[in-house]
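The values are calculated or read from the model by the stated rules, or taken from the named source; none is laboratory data. From a predicted model like this one, the values you see are computed outputs, not experimental measurements. Counting neighbours? That spans all protein chains shown, and the Cβs are built from the backbone with ideal geometry, glycine included.
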Amino acid sequence: MSIRKAAAADHPALLDIWERSVRATHGFLSEQDIQALLPVVRDQALPHLEVWVLCGEARDPIGFMGLDDNKLEALFVSPSSFRQGAGRALLEHARRLKGALKVDVNEQNPRAVAFYLSNGFVVAGRSPTDSQGLPFPLLHLAEGSADAA
């Protein structure tokens with residue numbers, strides 16, 4: 001596996017990874033929710049975040065993360081690469097770049113919550129809605145102590 005900075009030409013493949021990953025892990029989202037989020041990811045997140053791509057042995061993207069300073073705004077891995085160290089590799093790369101990290105995670109995504117908690121994050125707060133005001137509770141996580149956020 002290797003990690004490189006994303007280029008605009010990567011965006012269609014990354015959007016595909018995002019959609020497949022969300023469908024595999026975000027059972028609380030309806031099809032309408034996913035379709036509403038797709039342009040947000042495509043038109044706002046991918047072009048405006050610091051995006052890093054994780055490539056597999058064939059040099060094809062298998063995951064990506066988006067950073068805004070030390071906040072991890074996105075981390076998505078192709079379902080075929082789940083539980084193979086891809087998420088951890090991206091997280092370690094982010095730590096090397098930014099130091100201690102913060103991340104918001106959907107409380108209704110227990111796999112993601114478990115992933116971050118097992119990788120040194122602690123719950124620093126909770127919001128009853130997501131950043132768009134939708135009824136998807138968020139856990140605000142930070143590395144270190146709960147006071148870190």
Residues of the range 104-142 that turn out to be of a type in the set (S, T, N, Q) and not in a loop (DSSP other than H, G, I, E, B), as a count: 3
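Go through the range 54-97 and count every residue that is within 20 Å of S131 (Cβ to Cβ) and not in a strand (DSSP E or B). Can you show your working first?
First, the residues of the range 54-97 that are within 20 Å of S131 (Cβ to Cβ): 64-76, 94.
Of the ones still in play, those that are also not in a strand (DSSP E or B) are 69-70, 94.
Counting residues in the range 54-97 that are within 20 Å of S131 (Cβ to Cβ) and not in a strand (DSSP E or B) gives 3.
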Subset of the range 1-39 [aliphatic (A, V, I, L, M), within 21 Å of G87 (Cβ to Cβ) and not in a helix (DSSP H, G or I)]: M1, I3, A6, L29
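Which residue, of L72, L90, is within 14 Å of S21 (Cβ to Cβ), surrounded by 14 or more Cβ atoms within 10 Å (Cβ to Cβ), out of contact with any Ser or Thr (no Cβ under 6 Å at 6 or more places or on another chain) and modelled with pLDDT of 95 or more?
Values: L72 fails: within 14 Å of S21 (Cβ to Cβ).
When all the criteria are applied, what remains is L90.
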Close pairs (8 angstrom Cβ cut-off, 6 or more residues apart or separate chains): touching a residue at least 24 places away in the same chain (Cβ under 8 Å) in the range 103-130, surrounded by fewer than 18 Cβ atoms within 10 Å (Cβ to Cβ) and among the hydroxyl-bearing types (S, T, Y) anywhere: D104/S127; D104/S131; V122/S145
Considering residues of the range 108-120 that are surrounded by 17 or more Cβ atoms within 10 Å (Cβ to Cβ) and in contact with a helix residue (DSSP H, G or I) (Cβ under 9 Å, 6 or more places away or on another chain) only, the residue farthest from P79 (Cα to Cα): Y116
